[in-house]
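Asker: Here you go, one structure.
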Amino acid sequence: MASAAFEDIVETFEFLEDWEDRYRHVIEMGRAMDPLEDALKVPATKVDGCASQVWLMPEIEGQGAGAVYRFKGDSDAMIVRGLIAVLRALYDGRTVAEVLATDAGVELARLGLDEHLSSQRSNGLRAMVERIRTQAAGVAAGT
């Protein structure tokens, strides 16, 4: 089950039938996010595999599978900032166990993103999801 915030995006996308409008909505979501502090834009938070610069900074509350996963993110590309906002809606505030149980491919397919992103952007999105899942798995394992 996706978060309420993600379900809101799904509903908005159903209302916005034109892909250009959906694309603009994703960009607006990115614009609405607070930027990541420059001090956090370091190699440890940088996501490899993205065509643009991308940083994800986890903020874990608690330990083990019940820990709450939160993260901040940023990118030098507006559409990618929007994709980070979409991932925040999908994952932010969920338990580590819920993050690991979420099939991002299935959830994101509900938005049609897989059909409308370039292969580079799709690869970058997969790299961001993989980073989030790796972080969550580490917390679940207690590392």
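Asker: Answer yes or no: is there a residue in the stretch 132-139 that is hydroxyl-bearing (Ser, Thr, Tyr) and loosely packed, with under 14 Cβ neighbours inside 10 Å. Can you show your working first?
Answerer: Going residue by residue through the stretch 132-139, those that are hydroxyl-bearing (Ser, Thr, Tyr) are 134.
Now restrict to residues that are loosely packed, with under 14 Cβ neighbours inside 10 Å: 134.
So far as the stretch 132-139 goes, yes, one or more of its residues are hydroxyl-bearing (Ser, Thr, Tyr) and loosely packed, with under 14 Cβ neighbours inside 10 Å.
Asker: Continuing with the same structure: Within the stretch 73-100, take every residue that is in contact with a helix residue (DSSP H, G or I) (Cβ under 7 Å, 6 or more places away or on another chain) and not hydrophobic (A, V, I, L, M, F, W, C) and give me the one that is surrounded by the fewest Cβ atoms within 10 Å (Cβ to Cβ).
Answerer: Keep residues of the stretch 73-100 that are in contact with a helix residue (DSSP H, G or I) (Cβ under 7 Å, 6 or more places away or on another chain), which gives 73-75, 78-87, 89-91, 95-97, 99-100.
Those left that are additionally not hydrophobic (A, V, I, L, M, F, W, C): 73-75, 81-82, 91, 95.
Working: Gly73: 27, Asp74: 22, Ser75: 24, Arg81: 23, Gly82: 22, Tyr91: 27, Thr95: 19.
Per the stated criteria, the residue is Thr95.
Asker: Would you point out the residue of the stretch 101-112, among those that are surrounded by 12 or more Cβ atoms within 10 Å (Cβ to Cβ) and part of a loop (DSSP other than H, G, I, E, B), that is modelled with the highest pLDDT?
Answerer: The qualifying residue modelled with the highest pLDDT is Thr102.
Asker: Out of the residues in the stretch 17-55 that are among the aliphatic types (A, V, I, L, M) and outside any helix (DSSP H, G or I), which is surrounded by the fewest Cβ atoms within 10 Å (Cβ to Cβ)?
Answerer: Looking only at the stretch 17-55, we keep the residues that are among the aliphatic types (A, V, I, L, M), and these are 26-27, 29, 32-33, 36, 39-40, 42, 44, 47, 51, 54.
Still in the running and outside any helix (DSSP H, G or I): 33, 36, 42, 44, 47, 51, 54.
Details: Met33: 16, Leu36: 20, Val42: 10, Ala44: 7, Val47: 21, Ala51: 14, Val54: 27.
Taking the candidates together, the pick is Ala44.
Asker: Would you mind finding the one in Glu130, Glu115 that is in a helix (DSSP H, G or I), closer than 15 Å to Leu56 by Cβ and not β-branched (Val, Ile, Thr)?
Answerer: Matching residue, one of Glu130, Glu115: Glu130.
Asker: Out of Ala2, Ala85, which single residue is within 16 Å of Leu113 (Cβ to Cβ), of a type outside the set (Lys, Arg) and either touching a residue at least 60 places away in the same chain (Cβ under 8 Å) or part of a strand (DSSP E or B) (or both)?
Answerer: Numbers: Ala85 fails: either touching a residue at least 60 places away in the same chain (Cβ under 8 Å) or part of a strand (DSSP E or B) (or both).
Within the list Ala2, Ala85, the selection yields Ala2.
The values are calculated or read from the model by the stated rules, or taken from the named source; none is laboratory data. Since we're looking at a predicted model, the values are computed, not measured. Methodologically, a virtual Cβ is constructed for each residue, glycine included, from the backbone with ideal geometry; neighbour enumeration extends over all protein chains shown.
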